[in-house]
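Have a look at the structure below, then the notes.
The values are calculated or read from the model by the stated rules, or taken from the named source; none is laboratory data. Bear in mind the structure is a predicted one, so any value in this text is a computation, not a measurement. Cβ sites come from the backbone with ideal geometry, for glycine too, and all protein chains shown count toward neighbours. Just so you know, the surface numbers come from the protein's heavy atoms only, side chains and all, with ligands and any DNA or RNA stripped out. Shrake-Rupley method; radii C 1.70, N 1.55, O 1.52, S 1.80 Å.
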Amino acid sequence: MAKYQVLAEALRQKIIEGIISPGNKLPSEYELQKKFQVSRQTVRNALEVLEKQGFVRGRQGSGTYVLDREAEERKKSRRIAVVTTYVDNYIFPKIIQGIESVLAKEGFQVQIAFTGNHIWREEAVLKDLLEQDLRGIIIETTKSALPNPNLPLYRRLQEKGVPVLFINSRYPELDCPAVSLHDEAAGRLAAQCLLEYGHEKIGGFFKLDDGQGIRRYQGFVEALRDGGIRPLEENILWFDTEDALDFGCMAERIVKRLGACTGILCYNDSTAFEVIEILKRHGISVPEDISVVSVDDTDLAMLGEVGLTSVHHPKEKLGEKAAKQLISMIRGNMPGMSYEFEPYLVERDSVKKL
């Protein structure tokens, strides 16, 4: 932690604990320099942090004073933006429900937008948010495994003092926390399930433009290596957001690359559902001919003829946790912290013991 952050935290704690009361003046810059043995610039940077967090306000020629945060809170916007890739299907309604349930109890208003997992739609949404009076943003990354041209827009939001928290994944270039599933552990759990059922010729179908797909692949590979299996590249198939609109165009490749495996891990339940249908049309049955494991444990896992073994995604709890983290960031009670939910496997009938 930088010196100015240490100083800011020390002063913030004194304010929170009531040692320095609202309306009172902080020690002068010179006094803070002397007491904490830091430079004048360090003191100024620390005070700037506290002012952005809403703890103090500088008065020209007079000094820096502690704010009555409850009174200041009543003056501020109560609007929170929630931006996801999609809104009305798959895991997203439950995530949004979790977010709204927490924010509503705290008196915040929620406005929802979506990007469709497209960079230029994300750009339009962020530009619109920059023009609004917002208290914070909960946002899902767009194609987080690829370089993103919209990072400057996120930095402008941060410069405005708007807390930004990511869900499901994050952009490593930005100093913003994220609340997500532990995706590497999810990929590892799914692969271990296949190994425990005696499978050795194991393939995978992963999403290449989202960070979740990369991390699930990493966990998958680690589990196979730990189990003494060398992952074969010819049994790994990748797809992107546009491919997912019509997996039928990939049917031949799916059957060629995955059809000869005894078990496969699919990126998520939606992907698994499509793959199972394609395999079925080519005379390959699940789990008789090939076992399938997936991630997310959604309603789709129970819709097919065979119940899908899937790693559980917390959905609503993830939304609740994200909302609580953002509120803490807004109120300055704690710095933004990332959090990963540990996964667990829900076994159904899509995996056959060899």
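Key figures
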| quantity | calculated |
| --- | --- |
| Number of Lys pairs (Cα under 26 Å; 8 or more positions apart or on different chains) in segment 63-172 | 12 |
| For the chain: relative contact order, % (alpha-carbon pairs under 8 angstrom, 6 or more apart) | 17 percent |
| Cα-based reach from LYS34 at 16 Å (exclusive), listing aspartates and glutamates while leaving out same-chain residues under 8 positions away | none |
| Inter-label distance, nm, simple model (7 Å from Cα along the C-beta direction), ARG121/ARG253 | 2.2 nm |
| Of all accessible heavy-atom area on segment 42-184, the percent that carbon and sulfur account for (1.4 Å) | 47 percent |
| Cα gyration tensor category, rounded, prolate or oblate, for segment 165-291 with a/c compared to 1.5 | oblate |
| Proximal lysines to LYS201, defined as alpha-carbon separation beneath 20 angstrom and excluding residues fewer than eight positions away on the same chain | LYS256, LYS280, LYS352, LYS353 |
| P(r) of segment 182-225 over all Cα-Cα pairs, binned every 5 Å from zero, in whole percent | 6, 27, 33, 21, 10, 3, 0 |
| √(5λ) per eigenvalue of the Cα gyration tensor, segment 249-311, largest first, Å | 18, 11, 11 |
| Per residue solvent-accessible surface (Å²) - the chain, probe of 1.4 Å | 49 Å² |
| Sparse-neighbour loop sites [GluC sites (Glu not before Pro); segment 128-225; at most 16 other C-beta within 10 Å; DSSP] | GLU131, GLU173, GLU200 |
| For the chain, with +1 on Lys and Arg beta carbons and -1 on Asp and Glu, the positive-most of TYR339, VAL286, ASN24 along the dipole | ASN24 |
| Answer label for Cα extents along the principal axes in Å (calculated), chosen among [x] 55, 49, 38; [y] 81, 39, 34; [z] 76, 53, 35 | [y] |
| Point-to-point label distance, GLN13-GLU200, nm (Cα→Cβ direction, 7 Å offset) | 5.8 nm |
| Amide N proximity, segment 40-60 versus GLU159 label position 7 Å along Cα-to-Cβ, cut-off under 15 Å | none |
| Principal axis dimensions, largest first and in whole angstrom, of segment 276-354 by Cα | 58, 23, 16 |
| Label zone at GLU106 (point 7 Å along Cα-to-Cβ), backbone N below 13 Å, segment 165-184 | 165 |
| Rounded percent of accessible protein surface that carbon and sulfur make up, segment 214-354, 1.4 Å probe | 48 percent |
| Cα centroid separation, segment 98-118 to segment 270-312 (Å) | 31 Å |
| Centroid-to-centroid separation of segment 163-180 and segment 26-44 [C-alpha atoms, Å] | 32 Å |
| Whether segment 204-247 is rounded, prolate or oblate, judged on the alpha carbon gyration tensor where a/c under 1.5 counts as rounded | oblate |
